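Everything below concerns the one structure shown next.
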Amino acid sequence: MPYPHLFAPLVVGRREMKNRIMCAPMVFGAVVFFPSIASRAYRKIEAAAKGGAAKVCVGETSVNHEDAERMPFDPIDFGSPSGPKFEAIRRYAELIKKHGAIALIELSHAGAEKKPLPGQPNPWGPSAYVRQDGQQVDAMDQSMMAKVCSDFATAALYMREAGFDGILVHAGHGWLLSQFLSPLWNKRTDEFGGSLENRARFPLAVFRAIRKAVGPDFLIEARLNGRDGVPGGIEPDEVGQFVHMLEGIVDTVHISVGLYNNPVRTNQFSSMFAPHACNAELSAIVKKYTNMPVGVVGGINSPDLAESIIAQGKADYVVLGRQMIADPEFPNKALDGREREIRRCVRCYTCFPGSPEAGYVIPDNGQPMIEKVGSCAINPVANLPVPPEDFPKPAASRKVLVIGGGPAGMQAAITAADRGHRVTLVEQAHKLGGILKFTDNDVCKEDLRNFKDLLVYEVERRNIDVRLGVTASPATIEEEKPEAVVLALGSVPLAPPIPGIEHALHVLAVYEEGRSLGRRVVVVGGGLAGCETALRLAKTGHEVTIVEMLDRVAAESYGMYREALLLEMERVGVATITSMRCVEMAPDGVRLEPATCVTEGDNAMDTKEQSSLWLEADTVVYALGMCPVDTSELKRAAGEIPCFEIGDCARPGRVDAAIKQGFLAAMNIL
């Protein structure tokens with residue numbers, strides 16, 4: 001067995017995990033009440049169980065609709081375990097247990113962090129205060145505490161009746177129980193505040209109420225912060241002491257970190273700039289205080305890493321969140337020795353860009369936020385409106401010509417081959433990878449490089465005719481006589497007519513091996529490509545300044561990734577100049593002038609009164625966009641042959657769009 005510790009069984013309570021892998025709670029329990037989302041939610045949950053996880057946990061399910069719920073879901077009557085909603089919740093447990101996994105569901109209470117829905121009371125918390133958004137939080141009295149204890153117990157009984165093997169109680173991330181445990185929020189001076197023993201009194205009462213209601217055979221797991229991640233918050237030794245208090249009440253705990261409304265800075269959702277397994281040192285501390293099994297979540301995306309965590313005694317099991325969206329077959333692939341086939345999460349936040357109530361701006365494309373959650377940049381099947389098996393089947397094996405070996409073209413070739421088609425992949429470069437070849441020399445994109453290498457490996461291990469160093473032309477189509485053509489030609493750098501631009505390097509040239517850039521580098525263009533390249537330059541010893549016409553950098557990025565990127569740029573000293581445009585490039589610098597913006601009526605107006613500025617540099621780099629490669633000749637040559645344009649040659653964009661387009665193009669070759 002390649003990973004003996006990862007695939008050793010583990011006794012938790014009165015059950016046995018078949019391996020040491022748990023799928024973290026990621027699907028709101030109540031989303032199955034929405035017809036447009038229900039089938040996707042069930043598929044996500046079942047995929048994790050079918051993929052080999054030993055425990056699978058349905059996501060956040062509030063214990064009541066009045067003081068606990070933070071989303072506008074239909075209320076659940078937990079006192080009446082029957083009816084359509086009960087059957088909808090029961091279906092989760094059936095799908096999980098069908099594949100031999102332990103079925104859990106997360107029960108939660110948002111406490112002071114909740115945004116009241118119409119007709120609801122002020123949020124409840126350990127102490128009264130006014131939040132930054134002006135919302136009053138009410139301090140809980142003992143009658144409120146008794147109600148919450150009863151609500152958790154009643155909801156747990158409901159889940160037992162629904163067929164779940166146990167529940168996960170959310171006592172981390174700044175939710176109610178976490179608020180009582182943490183000195184950051186708990187400022188009480190009575191028997192529920194002050195010492196850890198007092199701060200733990202109410203959370204312990206909740207866990208005891210649940211255990212009394214459900215009996216000894218029902219699993220209770222606690223999700224706890226190893227630390228809050230901000231000054232004044234709880235730290236791992238106190239968490240370990242609290243876990244010791246939980247012995248005999250709960251069966252297992254797992255360690256997370258951070259605050260829901262400050263998720264990037266506190267690593268509650270770790271970014272690609274955070275270390276993998278970022279919470280394992282915390283779980284190792286907690287383990288010293290208890291004999292209970294202790295799990296850990298946080299940036300674990302490879303079986304080798306998971307194996308080492310358990311082998312070193314830092315945790316007894318690993319909890320995989322976003323990784324199980326990127327590849328729910330992670331456990332089975334690792335067990336079968338197919339670890340090279342695992343699509344390893346790149347922590348890009350495509351699956352969850354951030355919650356609006358936490359202040360994140362998420363572009364409105366007309367799709368409800370709840371429908372966007374769970375998509376994936378590298379897994380095109382994640383969050384599809386319909387399952388892949390419901391797509392029409394090809395009428396016959398077709399001869400498919402894919403032109404372009406970047407991410408879109410490789411994904412199209414892989415999917416087409418898996419659908420039984422005969423695939424030829426033509427790429428003008430001498431290696432596959434397309435624009436992602438830059439990751440070979442990047443210092444921040446290890447996981448994206450792994451994904452690029454995975455696509456190459458997946459192409460190579462299939463019966464795909466790969467022709468490298470071949471530039472496709474209309475004659476190629478005439479000679480091959482394909483039955484379907486996929487154009488994935490990519491994009492080329494956009495070089496605006498700025499005087500002296502010939503003295504500058506395009507952003508992709510920065511990643512060429514052996515390129516000497518000097519100490520001072522100015523990056524003209526503060527979009528996503530410019531910022532990420534500036535970050536790479538700063539981390540390899542350069543003094544970097546970004547120049548951007550808009551009033552903010554990385555404007556096309558959003559949510560948690562933009563915050564993570566800017567924090568990392570700040571950490572390594574990348575300077576930014578906004579609202580200025582480059583009017584001249586020279587071998588030793590750039591000339592800047594105040595930017596203008598176009599208003600209605602096509603009238604330009606100055607946005608700043610700042611005068612012209614000369615910025616010295618040893619190297620000037622420009623990142624001013626990409627231009628799609630022209631496909632018109634190839635489309636004409638294809639004539640009546642079904643032809644699909646995908647990736648950057650359709651519209652320069654992100655990896656997630658390229659992968660999804662490649663997949664869908666292949667699925668539509670019938």
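The values are calculated or read from the model by the stated rules, or taken from the named source; none is laboratory data. In this text, all values refer to a predicted model and were calculated from it rather than measured experimentally. Note that each Cβ is placed from the backbone with ideal geometry, even for glycine, and that neighbours are counted across all protein chains shown. Keep in mind that these areas ignore ligands, DNA and RNA; they rest on the heavy atoms of the full protein, side chains included. Shrake-Rupley method; radii C 1.70, N 1.55, O 1.52, S 1.80 Å.
Per-structure values
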{"read-out": "Qualifying residue in region 381-391 (condition: in contact with a helix residue (DSSP H, G or I) (Cβ under 6 Å, 6 or more places away or on another chain), among the hydrophobic types (A, V, I, L, M, F, W, C), under 30 Å from Leu259 (Cβ atoms) and open to solvent by less than 20 Å² (accessible area, probe 1.4 Å))", "value": "yes"}
{"read-out": "Number of positions in region 365-374 that are of a type in the set (S, T, N, Q) and open to solvent by less than 30 Å² (accessible area, probe 1.4 Å)", "value": "0"}
{"read-out": "Region 519-545 residues that are assigned to a strand (DSSP E or B), paired with ones that are polar (S, T, N, Q) and open to solvent by less than 10 Å² (accessible area, probe 1.4 Å) (beta carbon under 7 Å, 6 or more apart)", "value": "Val523/Thr533"}
{"read-out": "Within region 85-114, tally of residues that are open to solvent by less than 10 Å² (accessible area, probe 1.4 Å), under 29 Å from Pro331 (Cβ atoms) and either in a helix (DSSP H, G or I) or modelled with pLDDT under 95 (or both)", "value": "5"}
{"read-out": "Hits in region 174-206 (condition: surrounded by 23 or more Cβ atoms within 10 Å (Cβ to Cβ) and of a type outside the set (A, V, I, L, M))", "value": "Gly174, Trp175, Ser178, Gln179, Phe180, Ser182, Trp185, Arg199, Phe202, Pro203"}
{"read-out": "Answer from Ala417, Ala429, Ala396, Ala377 - the residue that is open to solvent by less than 20 Å² (accessible area, probe 1.4 Å), on the phi < 0 side of the Ramachandran plot and of a type in the set (A, V, I, L, M)", "value": "Ala377"}
{"read-out": "Hits in region 115-132 (condition: open to solvent by less than 50 Å² (accessible area, probe 1.4 Å) and not aromatic (Phe, Trp, Tyr))", "value": "Pro116, Leu117, Gln120, Pro123, Gly125, Pro126, Ser127, Arg131"}
{"read-out": "Exclusive hit being in contact with a Leu (Cβ under 8 Å, 6 or more places away or on another chain), in contact (Cβ under 8 Å) with a residue 40 or more places away in the chain and not small (Gly, Ala, Ser), set Val250, Val243", "value": "Val243"}
{"read-out": "Pro482 vs. criteria part of a loop (DSSP other than H, G, I, E, B), in contact with a Leu (Cβ under 7 Å, 6 or more places away or on another chain) and at pLDDT below 95", "value": "no"}
{"read-out": "Inter-residue pairs, beta-carbon under 9 Å, first touching a residue at least 60 places away in the same chain (Cβ under 8 Å) and in region 1-30, second open to solvent by 40 Å² or more (accessible area, probe 1.4 Å) and among the β-branched types (Val, Ile, Thr), 6+ apart", "value": "Met17/Val11"}
{"read-out": "Condition check for Ala277: touching a strand residue (DSSP E or B) at 6+ places or on another chain (Cβ under 9 Å), crowded, with 21+ Cβ neighbours inside 10 Å and either within 30 Å of Glu341 (Cα to Cα) or modelled with pLDDT of 95 or more (or both)", "value": "yes"}
{"read-out": "Hits in region 264-293 (condition: among the aliphatic types (A, V, I, L, M) and over 15 Å from the mean Cα position of the chain (by Cα))", "value": "Ala280, Leu282, Ala284, Ile285, Val286, Met292"}
{"read-out": "Exclusive hit being more than 29 Å from Thr415 (Cα to Cα) and under 33 Å from the mean Cα position of the chain (by Cα), set Val485, Val456, Val443", "value": "Val443"}
{"read-out": "Qualifying residue in region 399-406 (condition: in contact (Cβ under 8 Å) with a residue 40 or more places away in the chain and open to solvent by 20 Å² or more (accessible area, probe 1.4 Å))", "value": "yes"}
{"read-out": "Residue within region 244-254 that is at negative phi, in contact with a strand residue (DSSP E or B) (Cβ under 8 Å, 6 or more places away or on another chain), of a type in the set (S, T, N, Q) and in a loop (DSSP other than H, G, I, E, B) present", "value": "no"}
{"read-out": "Residue that is within 24 Å of Phe330 (Cβ to Cβ) and at pLDDT 95 or above, where the choices are Arg462, Arg467", "value": "Arg462"}
{"read-out": "Region 133-159 - residue that is among the hydrophobic types (A, V, I, L, M, F, W, C) and farther than 20 Å from Asp77 by Cα and, of those, most open to solvent (accessible area, probe 1.4 Å)", "value": "Ala139"}
{"read-out": "Of residues in region 555-576 being small (Gly, Ala, Ser) and modelled with pLDDT under 95, the one surrounded by the fewest Cβ atoms within 10 Å (Cβ to Cβ)", "value": "Ala555"}
